[in-house]
Amino acid sequence: MLELVTGGQAIVKGGGELGEALFAAGSGLANVRAVQASIQDQLQELFKAGGTKPKANADLKRLIEAKEQIRSATLPSYQRSDVDNLLRDIQRQRDQLVDQHAQLGNRLRHRERIQKALPLLAERQRLIHELQPLADVPLLPQDFSARCGETTAHLNYSLDAQNRCRRDILQVEHAIERIQLPMTLLKQRVAIENLQANLATYRHTLQRQPDAIIQLQLANANAQRLWIEMERTGPLPSAESLQLGRSQRKRIQELAADHKSLLSQQTSARALVDKLKRNIDRMQTQSEGAIDPGNPEELKRAIRNIRSQGDVQQQVAGQREAVMLMQQQAQADLQRLPLFEGTLSELIECPVPLRETVDQYEKWLADDEAKTAALQKEIEKTNERLVQLDRTLNQLSLEHDVPTENELHQLRQQRDLGWQLIQRAWCPNAYASAPPDNGLLVEDSAKEGVEAGNSDALEVAINDFVSRWAPHGELATAYANCVRAADLLADRLRWEAESVAEKASLTAERMTCVHRLHESQAQHQRLMEQCECRQQEWHQLWSAAGIRPRTPREMREWLSRYSSLLDAAQQISQGQQSLASLESKAASARQSLLERLRPLSPLSVDDVSLVELIEICESTVEASGELLRKQAQHHKELDQLREQLSQAELELQKADLHLQNWRSDWSSAVAAPAVVLLGMSDESSPSEVIAVMHSLDELLESLKQQSRSQQEIESMDRDVRLFEVEVRRVQLEVSPDAQLSQPALQVVEDLSSRLRSACEQQLKQQQLQEQLVLQKQNLSQADDDVRRYQKSLDDLCRQALCDQAELLPEIDRRSSERQRLEDRLADIQRQLESLATGQSVERLIEECYDCDADQIAADIERLTEQLKDLDSQKLLTSQSIGELRSELARMDGSAAAAQAQENAEQLLAAIREDSEHYVRLRLASAVLQRAIERFRHSSQGPVLERAGELFSELTLGSFSGLQADYTDDGHAILVGVRPSDQSNAQTNVPVEGMSAGTCDQLYLALRLALLESHLQDHQPMPFIVDDILIQFDDDRSLAALKVLNRLAQRTQVIFFTHHLRLVELARRHLKSPLPKIHTLQSGDNSGPEVSALAAESFSPLG
């Protein structure tokens, strides 16, 4: 959901820039503009022309300052031997003080170790003395005391438990002996319990006997009354003589019930026959005046054929409107097309270059421009470097005259010339045959005179040499001055080697820069000529179309719009052909309808439209069909009436026959003896027979009640006698001498009371026996515990090397004391080993015994004072060394120069790294922009059209599609197209005029369209979305779900949501393919509201 919202916001911030919107939706980078802005911000932070705050600018400034420090830190050298000698003497003194300090420190630490070891040795001796009496005491574990106490406590507890169990066993046994049970009574326990259980029944029977006698008397009186009411005389017959068989009773009842229905059937059948005869006569009269409606099937087939082709007239109107809209849109696009003035047909015939040619020229011109800019930058950089080199060389010359190797070579030539002149002047004969080095003479005439042996020329050369090196002096003085100048210059070259090398390096670098500048300028001139040729070729490429081209990038966009216009022209041509075909189809359909309508309808329909004609034909077909249906229904109803009449006559005959059969069956049914005894015959009506049968049922019921009462009285008498006999038997079994005159009730209650008391005594005896068994088990367990803990205590005694448990606490105390002393002795031993520092502990002990303990503190104090004095002397010598080194640093600035050089190198490294990062960022920005442009050109056409369809569906028709528009400066932007209103004018809405939710749907439409385009040439991959419909209402959510459902036919779609309303929408409305819905339970099982995370897969592949 966050990516969807971010993508919509990014489209708005970018002003709907088409390339950015398509690239963001295709790459998944929802905020491409933010990435570009971030790159530009990083570029501005690294370097800015004319700036000072960016990092690279600041590093360049600090580099210049570091070079200035290098030049200022390099100073002339002087004599420094005295300072160096003094510094070395003081350093030797400091080294001697350091050695003395180390020796005294070793002695001090030795005395301190002895001082620390003396009290430890005294304590060690004391501990050894205290351990001697404990040598035979065993070392027991740390938990020995706890184990000993725990074992003793358990043993004592077990002994107490053993005594308690024995005492309790004796008490239980005595209690069992005191209980005496009546066994004869307990043997009759079941019989007594049965008597007790039947006692309530016995009482109830005694109470019911008077009521049963009264019921018998009432039943007898009721039977006599019913017999008199039936108007019969004589004695009351038996129930058996008055009984009717079940089949006879059922037969009489069925015949009585059938009588009324048979009479009703006969009457109904006769009335139905009369009614059907009257209806048949009426319908035959109506059918004689019917009209023939004709056959409308051909007209119906024609209408169906035309309907199957759709609304042809509406198609004609829609196609005509579509052609007009395409022509208007194409004309508007043609007017917006720059650089061309003409019609659409003229534009189609224009010979324009291919897009690949434009791309190639764009690449060539961009490469030429980049090369030109790089050369221009290199020329500027070389000029700047030349200016810096000249400034540096001039600065070196102004600070001091830096000698060169060439100057030294010239001085040495002058020195050799002076020596030759001295030889010739002082010994002319000895060197007459050796010609002087003519290269050493300055004047050509002097060279010629010396070569010819002319003394005047030699004199002139000597005078020139002397006037140069020793004015108003002699030749020897001049020669000495020349030699001294050459030696001094050689020394300067050696002393100022760094400056000399720097000047030589700068001079060589300047020559290299001049050479590189000339080559770059020549290459720049050639490249400018090549660019001019390219521009001429570029303009000549478009001259055939009469277009003065702009840059290749702009012309590529022009070609895109040109291609769109070509597509529009083709669509217009196809639309016009479709319009002609539809008009021809409409005329043919109209003629077909008219030919089939005239035989069925006399109406004139020549001037009506095709839609109206179809409606008239449908009305005619409907009217004819209705008339045919009515006639068919009339004949059908008449046939049905005739068939019903035959059936009714047959039913009337059946009713008469059934009634005759009933009379025969009734005569045989009422001939039964019981019925005759009650005075009934076949002349009696069914109602009279049924009434007598009801009275007979009441009489029989009274007789049955009389019989049941008599049987009940006899049964109660039998039960009372049996109960009393059983009571007397049990009474005699329990007490043979008992009195039999007591009532049975009192005997049973007495036996029950005695039995309850005996059962209580028996239960108490059983409980005591169970308690006895439990106490014996406890006694056995106590005996086992006593033996186990006694064995553990014996083991502890053996471990403590004693034979009495009372001695264990004392032995444990002495063992703990020995362990404590030995631990302390080991700790002292470890401290002595740490004080020994490399030597043995025995050696340390001997040294402690050999020294005077009283003198140790004085020695430590004396050595401490000596170390303090040495520290003061070391501090003074260190200060002197620091001052001398500072003096040397002031005399020689090489250290400062080295530090400044190091800073300069670090700055150069940082500038190099920042430069590489700057180049990478510039390349990233350029690559991203070109990728956006390439993606826009490759995806603008089909993807934008498909995205418009999806956008229209997602917005529920609020927008009819998307299209590309252009700003005043030629940039392509994305706009939404509102549907046509009543004026048939479409409205373009920029992204700034869309709501936030609509922008989200726009980004989703672009993303889905690009995904569908990707799936055309690639393998399917899952499309996973997470709660992207939070800000959608139900209608737009359903539209989005339907889009995703269709996408699932091409690839798997997984939709995560925790909103149950979206799940319900998917269940109700998405049918093909049917989505699979999975509910993921949350980890804490906190309820359905928390755990309602649904994953809906719309993939038909499962």
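Read-outs throughout are calculated quantities, based only on the coordinates presented, and are distinct from any laboratory measurement. If you're wondering where the values come from, they're calculated on a predicted model, not measured in any experiment. Don't worry about glycine lacking a Cβ; one is built from the backbone with ideal geometry, like all the others, and counts go over all protein chains shown.
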Built amide H within the under 5 Å cut-off of I1030, gap 5+ = none
Taking only the alpha carbons of the stretch 305-358, the radius of gyration and the largest Cα-Cα distance, Dmax, both in angstrom, are 17.8, 54
Hey, if you put +1 on the Cβ of every Lys and Arg and -1 on every Asp and Glu Cβ in the stretch 86-145, which of I114, F144, Q103 ends up farthest toward the positive end of that dipole?
-> Q103
In nm, the gap between the two label points placed 7 Å beyond Cα toward Cβ at T551 and A425 is 7.9
Contour minus Cα-Cα span, T987 to D965, at 0.36 nm per residue, comes to 6.7 nm
Please list, or write none, the lysines whose alpha carbon is within less than 24 Å of the alpha carbon of K636, excluding same-chain residues fewer than 8 places away.
-> K275, K277
For the stretch 319-425, the Kirkwood Rh over every pair of distinct alpha carbons, in Å, works out to 22.6
Once phi is turned into θ = phi - 60°, what whole-Hz ³J(HN,Hα) does the Karplus curve with 6.51, -1.76 and 1.60 give for every residue of the stretch 85-97, x standing for Gly and Pro?
-> 5, 4, 4, 5, 4, 5, 5, 5, 4, 5, 5, 5, 5
Around V975, which amide H atoms from residues at least 5 apart in sequence, or from another chain, sit under 5 Å from its own amide H, with H modelled in the peptide plane?
-> Q963, D965
Taking N as the residue count of the stretch 88-218, its alpha carbon Rg divided by 2.2 N^0.38 Å gives 3.70
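Given R₀ = 41 Å, what would the calculated FRET efficiency be for A197 paired with Q765, taking r from the Cβ atoms and rounding to 0.05? All intermediate terms of the calculation are to be shown ahead of the outcome.
Numbers: r = 26 Å, r/R0 = 0.63.
Calculated value: 0.95.
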In order over the stretch 752-761: 3J(HN,Hα) from phi, Karplus 6.51/-1.76/1.60, θ = phi - 60°, whole Hz, x for each Gly or Pro, gives 5, 5, 5, 5, 4, 5, 5, 5, 5, 5
Cβ-derived FRET efficiency at R0 30 Å, R62 paired with S878, nearest 0.05 | 0.30
Which ³J(HN,Hα) values, rounded to whole Hz and listed in residue order, are derived for the stretch 618-625 from phi using the Karplus coefficients 6.51, -1.76 and 1.60 in 6.51 cos²θ - 1.76 cosθ + 1.60 with θ = phi - 60°, glycine and proline given as x?
-> 5, 5, 4, 4, 5, 5, 5, x
Residue exposure sequence - W662, W469 - by fewest surrounding Cβ within 10 Å | W662, W469
